[in-house]
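A.B. asks: Pasting a structure below so you can have a look.
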Amino acid sequence: MTQNQLKQATAQAAVDYVAQHLPQGGILGVGTGSTTNFFIAALAPLKDRLGGAVASSEATRQRLTQIGVPVVDLNEVESLAIYVDGADEIDAGLSMMKGGGGALTREKIVAAVANTFVCIADASKQVETLGRFPLPVEVIPMATRQVARRLAALGGNPRLREGFVTDNGNSILDVHGLVITDPVSLEAEINQIVGVVTNGLFAARGADVLLLATEDGVRRVFRP
Ligand code: 5RP
């Protein structure tokens, strides 16, 4: 199977999960990225059942609108039953590295409001230790140099994502070379650096369910 076929398989499994678990009229949280785009495309048959969706990026907002799903402001929502999103890496404890598409901050905000985080990923995203994928850190532009020095002091090699501006008007530093053995601590430590908006470790609030697409089908893996 190609990687796109695997992405399609996990996306369809997520639609089935939503059909089973989201109450009629419920609001769904929707992530960002190529796997999530397959999910949005496969969501169309369920759209009359949804009360609406909260989008984690402008790109996702546009795609949801195109298929006729009403996009709801997160401030109008008390809680979300389900949030569906992809990942750049995911470990056995369902901690994730995210932000390859640069939407990490809004993704983390929407995920924080959700009761169940459903991660959709193909088997290439599964890792023993997070850190092979460079860790994205969203930074207030005037703080970029000082944050980069602090990240280097933690053992990383930060590189500015050239020509990229987040939906929030900020910059991204991609931090190479980190071996992340304690993702919960590192997530908190990096978020304490003045000028950091957020970082792409989703460990304090990891996934609850992983729908892992493999050559042998889609496996449901639950947070241990
Ligand atoms: C965007 C993300 C994505 O979920 C992550 O980059 C995975 O993307 P893809 O499904 O395209 O591999 O965090 O900010």
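The values are calculated or read from the model by the stated rules, or taken from the named source; none is laboratory data. What you are looking at is a predicted structure, and each value in this text was computed from that prediction instead of being measured. Positions of Cβ are generated from backbone atoms using ideal geometry, with glycine treated the same way; all protein chains shown enter the neighbour counts. Side chains are part of the model used for accessible areas, which takes the heavy atoms of the whole protein and leaves out ligands, DNA and RNA. Shrake-Rupley method; radii C 1.70, N 1.55, O 1.52, S 1.80 Å.
A.B. asks: Just to be sure I follow the rule: in the chain, considering lysines 8 or more places apart or on different chains, how many pairs have Cα atoms under 20 Å apart?
C.D. replies: Working: Lys7/Lys98; Lys7/Lys125; Lys98/Lys108; Lys98/Lys125; Lys108/Lys125.
Lysine pairs, 8 or more places apart or on different chains, close enough: 5.
A.B. asks: Calculate one ³J(HN,Hα) per residue across region 147-162 by plugging θ = phi - 60° into the Karplus curve 6.51 cos²θ - 1.76 cosθ + 1.60, and present them in order as whole Hz with x for glycine and proline.
C.D. replies: Whole-Hz 3J(HN,Hα) from phi for region 147-162: 5, 4, 5, 5, 5, 5, 5, 7, x, x, 10, x, 10, 5, 6, 5.
A.B. asks: List, in order, the whole-Hz ³J(HN,Hα) value for each residue of region 63-75 obtained from phi through the Karplus relation with A = 6.51, B = -1.76, C = 1.60 and θ = phi - 60°; use x for Gly and Pro.
C.D. replies: Using θ = phi - 60°, the values come out as 5, 5, 4, 4, 8, x, 8, x, 9, 10, 6, 4, 5 Hz.
A.B. asks: Amide H to amide H, which residues 5 or more places from Val84 or on other chains are under 5 Å from it, using H placed in the peptide plane?
C.D. replies: Counting only residues 5 or more places away or on other chains, the set is Gly29, Val30, Gly31, Val118.
A.B. asks: Continuing with this model, one more query. How many Å² of accessible area per residue for region 118-166, probe 1.4 Å?
C.D. replies: Using a 1.4 Å probe on heavy atoms only, each residue of region 118-166 averages 55 Å².
A.B. asks: In addition: Once phi is turned into θ = phi - 60°, what whole-Hz ³J(HN,Hα) does the Karplus curve with 6.51, -1.76 and 1.60 give for every residue of region 179-189, x standing for Gly and Pro?
C.D. replies: 10, 9, 8, 10, x, 5, 5, 5, 4, 5, 4
A.B. asks: Sequence-distant or interchain residues sharing an amide H contact under 5 Å with Val175, placed H: which?
C.D. replies: Placed amide hydrogens put Leu135, Val137, Arg159 under 5 Å from Val175.
A.B. asks: Here is a further query. Quick one: which residues, 5+ away or cross-chain, put their amide H under 5 Å from the amide H of Ala121? H built at 1.01 Å from N.
C.D. replies: Distant-sequence amide H within range of Ala121: Leu211, Ala213.
A.B. asks: Carbon and sulfur atoms: what percent of the 1.4 Å accessible area of the chain do they account for?
C.D. replies: Details: 5010 of 10050 Å².
Ligands and nucleic acids excluded, carbon and sulfur reach 50 percent.
A.B. asks: So how do 155-162, 135-142 stack up, highest first, on mean other-Cβ count within 10 Å? Don't skip to the answer; put the middle values down first.
C.D. replies: Numbers: 155-162: 15.2, 135-142: 21.6.
Result, highest mean Cβ count within 10 Å first: 135-142, 155-162.
A.B. asks: At 1.4 Å probe radius, can you tell me the per residue accessible area of region 44-97 in Å²?
C.D. replies: Details: 2360 Å² over 54 residues.
Roughly 44 Å² per residue, with all protein chains present.
A.B. asks: Helix 34-43 versus the longest principal axis of the chain: what is the Cα-based angle in degrees, 0 to 90, to the nearest 10?
C.D. replies: Relative to the chain, helix 34-43 is tipped by roughly 20 degrees.
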